[in-house]
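Below: one structure in structure tokens.
The values are calculated or read from the model by the stated rules, or taken from the named source; none is laboratory data. From a predicted model like this one, the values you see are computed outputs, not experimental measurements. In this analysis, Cβ positions are derived from the backbone assuming ideal geometry, glycine residues included, and neighbour counts consider all displayed protein chains. Remember, those area values only see protein heavy atoms, side chains included, never the ligands or the DNA or RNA. Shrake-Rupley method; radii C 1.70, N 1.55, O 1.52, S 1.80 Å.
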Amino acid sequence: MMMLKTTTWRKTAEAIAIPIGALLVALMLFGIFCAFCGKNPLAVYGLIYSSAFGNWRVFQGTLLRAAPLMLTALCTALPARLGLMIIGNEGALVVGGVAAVITGLVLSYGSVTPSAEQLQQVLAIPPILVQLGMALGSIVAGGLWIAAVGALRHYRAVNETISSLLMNYIAIALMNHLVGGPIKDPGETIKASSFVLPDINRLANLPTTRIHYGLLYGIIVCVIAYFLIQHTTFGFAARTAGGNIKAARIAGLPVGKLTVMICFLAGSCAGLAGMVEVAAVHGRVNESLVAGYGYTGILVAFVARYNPIACTIVSILLGGILASSGALQRNLTMPDATALVFQGLVFLVILYSDSLYGRLQIFKDPGPKAAVPPAASTTIPA
Amino acid sequence: MATEAIGWLGVPLGILAGTLRGSAPFLFVSLGECLTEKSGKINLGLEGTLLMGAMSAYAISYLGVSQWNMSPAISPWIGVLVAGLAGMGMGLIHAWLSQQPRVNDIAVGIAMIIFGSGLAFFLGKPFIQPQAPQLPSFELGKLLSSSPIVQSALQISPLFILGVLLAPAMNWFFKSTRPGLFIRAVGDSPDAALAMGVSVKKVRMLCIIAGSFLAGIGGAYLSLVYPGSWTERISSGQGLMAVALVIFARWNPIQCLWASLFFGGAQAIGPALQAVGIDKGYYLFNAAPYVLTLLIMILTCSPKKTLSGAPGALGSING
């Protein structure tokens, strides 16, 4: 009993120390990269800190960016528990955003392309219901988008990574097509856009802050996802199937259904991120919706090792990096791609750190049982 | 508009021209990926490699003339070479990382897409404005027609010809040479390769690096031939489509060639229709290659059996 306890303690320490160590190494590599570009790494670190976490005002900007990240991260994190690597986050976000704007406009004005008179009169539907409708629309649209990827994976064995990434491009093309024609606001001449949602039906800010309610959405959905995966039979079935698909089939688990359902949930989270962005930040759909939150979300899921609760914390960290990108551009004249380089470095180092689990001496259980390699146990006596 | 002069004929001509111009990046990346996958590893990061190649080729071509007093006839070729080297650098990272224990090569690919595009956008920022000398083309149209439209449509880049020749060469390499046999052995059955005395790690390392070299060249084509400038949207998923295309081509270099031509043509449908005045659904037509890739994957994949021609160890972690 005592031994079991030390083992779990060491496991937990390992699971916390390795990602943090990896982040530090990535930070160091990034410093070297900055030095190569002729920037003082310490100045860069300092600026990232002060413009992302330095005071409450800038930290609000970080939290604003963390909100959609938490939701898009789940789009990768949930299917990963089933052993699927889905990276269609950006596409599901865009589809969700489009669906949210369409439902929002219909519930506000009675039409996606309201006439001048319709624009004068916002329908008398309570804003909370309109927002609920928008959220529902985005959840269904994003969910179906990724559920299709899951279904293709299960029924046609189409590689889910490639298909979901292709779906990103299709989603963006679809959005460009819609805002360029069917749902275009003819009054907007600079950038093809949809009509703007009325202020009353948009997501408000939390009292005394500039943080919108989307942050609460993100945290709540992450907590729900955590309980769903860790503390329900559904989550247990999904994790079993992810661990060993053959065993799951023999045990009679409906693997196909699980795959499609998990993918639907994953897509609905990213879709909701699209609704949050549309209803709280942009108020309409146009190219600005494609801001890379989907791709950063993939990274969040990896760093958090697919744990939804950890996703919230990692989202805040990476949200800070995104938030500081503007200051890096202004104060140190570093290109906006700096944040992308940093994310790439973090990603590579985190992946390398995966190979360290169980290899570092400090985290090894000193007991004799640890010395037996797991492969030996597979030989079953005849 | 000049295209009005030939009217609706402009559509097939536009698609033909687009096929000749636009299929080379697909060809180089898919051949590179074919080589990589034959050794049993997947490199999804070729999208990032393509961008790095495009950026470094353009930068070198521009700097060669403006800074290092090179002739504009030579500097783009140096650019092509550097693009290949940049690709090799990216390949080295991928090869090393994806062969670590318990590291999934697909995940490494995603990371390399982010890292490669980030690095390319970062280093390429100063080169978005200036005009770099381009690679020359063979004016095939001049022999066939006096119409300037036909002439401008039928330009063939030497890089494209190189790619077309490379496909049968690679096929021969796999089928009839010892190193080709080793690569197939490593990809199909690493244990058997090990028994033959072949170092699985080394072969995979070399294949990934060589494949990334080709993808880098594909990137150079993007920035120095067609579309012929450096922007952050230059590849728009072409590297990724090429990866899917290898599945469609059943890991056969010759079929990679046909598939690349097909994709180049599909990509040209939207612009060709726009040129004759149909711009309704322009964005949807531009999505044609992605939809096509998806459809092809749906049609060619099957849950019942592994695909014919697929390397045996493909996709298995540390297989």
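Taking the Cα atoms of the range A:223-331 alone, what are Rg (to one decimal) and Dmax (as a whole number) in Å?
Cα-based Rg and Dmax for the range A:223-331 come out at 17.4, 60 Å.
Past 29 Å, Cα to Cα, is the threshold; run A:364/B:38; A:191/B:125; A:257/B:304; A:246/B:38; A:191/B:280 against it and keep the listed order.
A:364/B:38
Quantify how much of the Cα-Cα distance distribution of chain A extends past 40 Å, in percent.
21
Now for a different question. In Å², what does the accessible area per residue of the range B:25-237 work out to with a 1.4 Å probe?
On a per-residue basis, 38 Å².
With a 1.4 Å probe and every protein chain kept in, tell me what percent of the accessible surface of the range B:1-73 is carbon plus sulfur.
67
Give me, ordered by chain and number, the residues 5 or more places off residue A:212 or on other chains with an amide H under 5 Å from its own placed amide H.
A:206
Return the ratio Rg/(2.2 N^0.38 Å) for the range A:97-196, where Rg is computed over Cα atoms only.
Scaled against compact globular proteins, the figure is 1.29.
Of all alpha-carbon pairs in chain B, indicate the percentage at a distance above 34 angstrom.
Percent of Cα pairs beyond 34 Å in chain B: 23.
Karplus couplings for the range B:249-255 from phi (6.51 cos²θ - 1.76 cosθ + 1.60, θ = phi - 60°), rounded to Hz, Gly and Pro as x?
Coupling constants for the range B:249-255: 7, 6, 6, 10, x, 5, 6 Hz.
Follow-up question, since we're still on this one. Using only the Cα atoms of the range B:13-107, construct the convex hull and provide its projected area averaged over every direction, in square nanometres to one decimal.
For the range B:13-107, the mean projected area of the Cα convex hull comes to 7.8 nm².
Run the helix sum for chain B: -39,500 (n - 2.57) per DSSP H stretch of 4+ residues, divided by residue count, reported at 222 nm to the nearest 500 deg cm²/dmol.
Counting only the DSSP helices, I get -22500 deg cm²/dmol.
Roughly how large is the B-A contact in terms of buried accessible area, totalled over both chains, probe 1.4 Å, nearest 100 Å²?
Heavy-atom accessible area buried at this interface is about 3900 Å².
Further question on the same structure: For A:36, B:182, B:285, what's the largest-to-smallest order of accessible area, 1.4 Å probe?
Result, largest first: A:36, B:285, B:182.
What's the carbon and sulfur percent of chain A's accessible surface, probe 1.4 angstrom, rounded to a whole number?
Roughly 69 percent of what the probe reaches on chain A is carbon or sulfur.
Hey, got the dipole for the protein assembly as shown? About the Cα centre, +1 on K and R Cβ, -1 on D and E Cβ, debye to the nearest 20?
1820
Output the direction-averaged projected area (hull surface divided by four) of the convex hull of the alpha-carbon atoms of the range A:12-112, in nm².
For the Cα atoms of the range A:12-112, the hull's average projected area reads 10.9 nm².
Still on this structure, I have one more. Relative to the first principal axis of the alpha-carbon coordinates of chain B, what is the inclination of helix B:178-188, with its axis defined by its Cα atoms, in degrees from 0 to 90 and to the nearest 10?
Compared with the principal axis, the helix lies near 70 degrees.
Ordered by residue, what ³J(HN,Hα) values in Hz, to whole numbers, does the range A:308-317 give under the Karplus form 6.51 cos²θ - 1.76 cosθ + 1.60, where θ = phi - 60° and Gly and Pro are x?
For the range A:308-317, the Karplus-derived couplings read x, 5, 4, 4, 5, 5, 5, 4, 5, 4 Hz, x marking Gly and Pro.
Please list, ordered by chain and number, the residues whose modelled amide H lies under 5 Å from the amide H of residue A:195; skip anything fewer than 5 residues away on the same chain.
Here A:185 satisfy the definition.
Taking R0 as 25 Å, what's the FRET efficiency between residue B:74 and residue B:129 from their Cβ-Cβ distance, rounded to 0.05?
In this case the efficiency is close to 0.65.
Hey, can you grab everything whose amide H is under 5 Å from the amide H of residue A:87? Only 5+ residues off in sequence or another chain; H modelled, so Pro and N-termini drop out.
So residue A:87 has HN proximity to A:164, A:165.
Hey, another quick one. In units of 2.2 N^0.38 Å, what is the alpha-carbon radius of gyration of the range A:276-348?
The value comes to 1.19.
Something else now. Mind pulling the angle between the C-alpha long axis of helix A:160-180 and the longest principal axis of chain A? Nearest 10 degrees, somewhere in 0 to 90.
10
From the square roots a ≥ b ≥ c of the eigenvalues of the alpha-carbon gyration tensor of the range A:127-262, which class results: rounded (a/c under 1.5), prolate (a/b over b/c), or oblate?
Oblate.
Here is a follow-up. Helix B:158-176: angle to the longest alpha-carbon principal axis of chain B, degrees 0 to 90, nearest 10?
20
Between Rg and the Kirkwood Rh of the protein assembly as shown, both from Cα atoms, what is the Rg to Rh ratio?
Computed over Cα atoms, the ratio is 0.97.
Here is a further query. Using only DSSP helix segments of four residues or longer, with each worth -39500 (n - 2.57), what per-residue ellipticity at 222 nm results for chain A after dividing by its residue count and rounding to 500?
Dividing the helical sum by the residues of chain A leaves -23000 deg cm²/dmol.
Using the Kirkwood radius over Cα pairs, work out the Stokes-Einstein diffusion coefficient for the range B:58-200 at 10 °C and 1.306 mPa s, in µm²/s as a whole number.
After rounding, the answer is 83 µm²/s.
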